[in-house]
Each structure stands twice: as C-alpha cells, then as structure tokens.
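The values are calculated or read from the model by the stated rules, or taken from the named source; none is laboratory data. Keep in mind that this is a model prediction, so the values were computed, not measured. Using ideal geometry, Cβ is built from the backbone for each residue, glycine included, and neighbour counts are taken over all protein chains shown. Surface accessibility is based on the protein's heavy atoms, side chains included, excluding ligands, DNA and RNA. Shrake-Rupley method; radii C 1.70, N 1.55, O 1.52, S 1.80 Å.
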Amino acid sequence: GAGVSQSPSNKVTEKGKDVELRCDPISGHTALYWYRQSLGQGLEFLIYFQGNSAPDKSGLPSDRFSAERTGGSVSTLTIQRTQQEDSAVYLCASSLVGAVTEAFFGQGTRLTVV
Amino acid sequence: AQTVTQSQPEMSVQEAETVTLSCTYDTSENNYYLFWYKQPPSRQMILVIRQEAYKQQNATENRFSVNFQKAAKSFSLKISDSQLGDTAMYFCAFTNQGAQKLVFGQGTRLTINP
C-alpha cells in the first residue's frame, strides 16, 4: 500500500477482554515496529520484527502483550485481559531492513479500556 | 540508558514568528541519529528533520533547522516563518547507529495563533 495502515482506528473495550490491533506495513518493508503512546507521553518501544529473524520483544510491558507477523507482512498486536492502564494510542511503523532512520508511521489505534 | 528530555510541555507563538523547541539527550555512544517528529491531530508521526551525529553541519529542511550541540547533548528545532499548519505535537527522538529502537522525548505541544 501507499502507507502504513492500522485498524481499527479506535477501539473501546471492557476491562478483562482481549483485543487485537492490526498493522499493514508499506509493501516491501521488511522491518516493522510497534510503539505505545500513553496520554501526554512520548512513544514507548514495544516490539521489532525484521524479516524471518526472532523479534525483539524487549519493550513488551507484560506477558499479556504479544505480537506476531504473518508471512513477513501484516502484524497483529494482541493484548489479553486488558487493564485500564493499557489505554493508549498504539502506533505501528515500517522500514526497509535496518533502516529505522527511515521509518514511516501509521495513524495508530486509540485503545480505550473502560 | 539513553534518555531524551523536552523541557517545554507547551509553546504558543503568533503566525510568521520564529519558534525554537528544546531537546537534550543522554548517551554514552559516539555515533547516533537525532530526529524531530511532528504529530498532528491525525496521530501520524511525520519526520520533520534528521541529524547524523558525525556531521558537524546543522541539518535544514526549508523553514525547519536544528542547532546540534554534540558536546552539550542538545538538539533544538527552529521553525521560521511559522504557519498555522505547524500546530502539532513535536517529539525529539534518538537512536544509536545500528540500533532499531527510537527513544522519544515527552513532546512539546506547539500552537501557532493567527
């Protein structure tokens, strides 16, 4: 696609429910990143995928968070048993291999846990 | 650990004025990249300008320029002839050469008044 696409744009969920957030990277981009932006804060790194290599999961805040990337393209971020502190904007970015300096961001998913 | 600090939570100027946003960072590395990103209400992070630490010359992009002071670990953004469309959140970010994570500051909310 022309840009990084994320869905849904907004998601409201009840505390304790599971949610899935989707990211479609730019075609040909092998690197994919997830960031979290809590209210009034900067972006916090969550996870990084590069091709078929093992992902860098060092930023995931708890074992309730997981992510996968199927076929080296689309990625899904899953949050299990959501808590109110999970409310944030979740941003995805993609780039060519080893080029975080050239990363392009999507418009994010605003997650609200009520 | 690398950190990025933006000391101005909010700034407001009149259209056509010049405004400078401050950023300091902390790293023990010698080779790295610094960025300024713009985040309008659409939430998409847009790269405004990038500076490689090994370059002494300050980067410029049209009305946007930086003042990079490596010894002081300072990286300010100057916006000249500010326009209403410059109204947004601005984030300073950093990454070490070869790393795949961007470290962000907490942002400065800039308002350009007509």
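With all protein chains present, how much of the accessible area of region A:5-105 (probe radius 1.4 Å) comes from carbon and sulfur, to the nearest whole percent?
46
So which residues of region A:9-43 lose at least 30 Å² of accessible area, probe 1.4 Å, when you go from the chain by itself to every protein chain present?
With the partner chains in place, region A:9-43 has these residues losing at least 30 Å²: A:35, A:37, A:41, A:42, A:43.
Filter the cross-link list A:11/B:38; A:57/B:70; A:15/B:38 down to pairs whose alpha-carbon distance in this structure exceeds 28 Å.
Over 28 Å Cα-Cα: A:57/B:70; A:15/B:38.
Work out which residues of region B:92-113 lose at minimum 30 square angstrom of accessible surface when the other protein chains are put back, relative to the chain isolated, with a 1.4 angstrom probe, and list them by number.
B:100, B:101, B:102, B:104, B:106
With a 1.4 Å probe and every protein chain kept in, tell me what percent of the accessible surface of region B:3-109 is carbon plus sulfur.
Carbon with sulfur: 43 percent of the solvent-accessible area.
Given charges of +1 on the Cβ of Lys and Arg and -1 on the Cβ of Asp and Glu, with all other atoms neutral, how large is the dipole of the protein assembly as shown about its Cα centre, in debye to the nearest 20?
160
For region B:19-114, which GluC sites (Glu not before Pro) pass both filters: DSSP loop (anything but H, G, I, E, B) and at most 10 other C-beta atoms within 10 Å?
Those that pass, being in a loop and sparsely packed, number zero.
For the pair A and B, how large is the buried accessible area, both sides, in square angstrom to the nearest 100, if the probe is 1.4 Å?
Buried: approximately 1800 Å² between B and A.
Which residue, A:46, B:69, B:59, has the largest displacement toward the positive end of the dipole of the protein assembly as shown when charges sit on each Cβ (Lys, Arg +1; Asp, Glu -1)?
With unit charges placed on the Cβ atoms, the residue in question is A:46.
For region B:32-72 and region A:64-91, what is the separation of their C-alpha centers, rounded to whole Å?
Taking the Cα centre of region A:64-91 as reference, the centre of region B:32-72 is 29 Å away.
Hey, what does the equivalent ellipsoid look like for region B:3-109, semi-axes from the Cα gyration tensor as sqrt of 5 times each eigenvalue, largest first, whole Å?
23, 15, 12
Apply the Debye scattering formula to the protein assembly as shown, with a single equal point scatterer on each alpha-carbon and no solvent, then give log10 I(q)/I(0) at q = 0.08, 0.14 Å⁻¹.
So the normalised log intensities work out to -0.29, -0.89.
Please compute the volume of the convex hull spanned by the alpha-carbon atoms of region A:5-105 and report it per residue in Å³.
In region A:5-105, the Cα convex hull volume per residue is 97 Å³.
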